[in-house]
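Novice: One structure is given below, represented as structure tokens, and several questions about it will come after.
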Amino acid sequence: SLSLASLKNPLLNPAEKGFAFYPAPGSVHEIQIPVVSTGQIDGVVEFRKQGKQNPTYRKGIKLTLIGETAGQPITTYTDENGSYFFEGVPPGKYCIRVAVEKFKEQVGCLAVALEGSFESKDFVFEE
């Protein structure tokens, strides 16, 4: 398998999973492995009391990234500062679902560009 550490650009990932190459002992071969430029999505989940300016944050809020094309959803959680991060996201259109107990579920949609990009989407819950 391809070691991601061997790629100079951290936004490059193998285009296909499961590629294997077994050369004959003592032989040297040049191979080309197709890669795709991926992106990153980050943001913050805030909780605001009505009428208050200063938000609060909660660790462990679950966010689910769902692609427009069929595929497995990706899940991440907020840190103690309310920040979240999805990395290695292939180009395409996505929606992020945030469900917090006692609050209405929020969904935000965005796109990751073909040449890789850094996208951001914040969520605010009113208490």
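Novice: Let me have the relative contact order for the chain, percent, based on Cα pairs under 8 Å that are six or more residues apart.
Specialist: Working: 258 pairs, mean separation 35.8, N = 127.
Normalised by residue count, the contact order of the chain is 28 percent.
Novice: Just from the alpha-carbon atoms, what are the Rg and Dmax of region 12-69 in angstroms?
Specialist: 22.5, 72
Novice: For region 43-127, report the accessible area per residue in Å² (1.4 Å probe, heavy atoms, rounded to an integer). Spell out each step's value before the answer.
Specialist: Details: 5630 Å² over 85 residues.
Per residue, region 43-127 has 66 Å² of solvent-accessible surface.
Novice: Over 23 Å between C-alpha atoms is what I'm after, so list which of K59/K93; K59/K104; K17/K121 land there.
Specialist: Numbers: K59/K93 27 Å; K59/K104 18 Å; K17/K121 28 Å.
From the list (K59/K93; K59/K104; K17/K121), the Cα-Cα distance tops 23 Å for K59/K93; K17/K121.
Novice: Moving on. May I ask you to give the percent of accessible area on the chain that is carbon plus sulfur, with a probe radius of 1.4 Å? Before the final figure, lay out the partial values.
Specialist: On the way: 4620 of 9030 Å².
On the chain, the fraction of accessible area on carbon and sulfur atoms equals 51 percent.
Novice: Of the listed values (1) 14.5; (2) 16.9; (3) 15.3, grab the one calculated as Kirkwood radius over Cα pairs in Å from the structure here.
Specialist: The calculated read-out lines up with (2).
The values are calculated or read from the model by the stated rules, or taken from the named source; none is laboratory data. Computed from a predicted structure; not experimentally measured. Ligands, DNA and RNA are excluded from the accessible area calculation, which covers all protein heavy atoms including side chains. Shrake-Rupley method; radii C 1.70, N 1.55, O 1.52, S 1.80 Å.
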